[in-house]
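S.K.: Next up is a structure, given as structure tokens.
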Amino acid sequence: MQIVDRISANKISYTVACVSSFATAHRLSKKDAFSYLYKNKAIAFLKEYYDSEHTLSLDDAVEDMAEICRQNGGTL
């Protein structure tokens with residue numbers, strides 16, 4: 001596997017793990033969690049700040065995503 005493909009696969013895996021953790025923390029289905037996070041720009045945040053976010057715990061990432069959502073009109 002090429003290095004670029006591996007980095008992309010890591011980003012996708014990390015995003016899936018974050019969405020799953022967010023869903024569990026907020027008692028949502030994974031589909032509903034993804035929709036909420038996408039709508040409120042937390043998925044874009046994870047993509048943009050992957051280099052620093054992936055060094056944090058998933059709990060920290062869930063808190064960061066929740067804050068980004070609140071800043072963009074989310075109400076969970």
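The values are calculated or read from the model by the stated rules, or taken from the named source; none is laboratory data. Just so it is clear, the model here is predicted, and its values are computed rather than measured. Every residue, glycine among them, receives a Cβ derived from its backbone with ideal geometry; neighbour counts consider all protein chains shown. Quick note on the areas: whole protein, heavy atoms, side chains included, nothing else; ligands and nucleic acids left out. Shrake-Rupley method; radii C 1.70, N 1.55, O 1.52, S 1.80 Å.
S.K.: To the nearest 20 Debye, how big is the dipole of the chain about its Cα centre, given +1 on the beta carbon of each Lys and Arg and -1 on that of each Asp and Glu?
M.R.: Details: 9 positive and 10 negative charges, 80 e Å.
With Lys and Arg at +1 and Asp and Glu at -1, about 380 debye.
S.K.: Right, here's the next one. Suppose all protein chains stay in the model; what accessible area per residue would a 1.4 Å probe give for the range 1-64, in Å²? Each step should come with its number before you reach the end.
M.R.: Details: 4520 Å² over 64 residues.
For the range 1-64, the per-residue accessible area is 71 Å².
S.K.: May I pose another question? State the percentage of accessible surface on the chain attributable to carbon and sulfur atoms; use a 1.4 Å probe and exclude ligands, DNA and RNA.
M.R.: Numbers: 2790 of 5240 Å².
Accessible surface attributable to carbon and sulfur in the chain totals 53 percent.
S.K.: Through the Karplus equation 6.51 cos²θ - 1.76 cosθ + 1.60, θ set to phi - 60°, convert the phi angles of the range 21-30 into ³J(HN,Hα) values in whole Hz; use x for Gly and Pro.
M.R.: 5, 5, 4, 5, 4, 10, 6, 10, 6, 5
S.K.: Could you grab the relative contact order for the chain? Cα pairs under 8 Å, six or more apart, rounded to a whole percent. Provide the component values of the computation, followed by the final result.
M.R.: Details: 54 pairs, mean separation 24.2, N = 76.
RCO, the chain: 32 percent.
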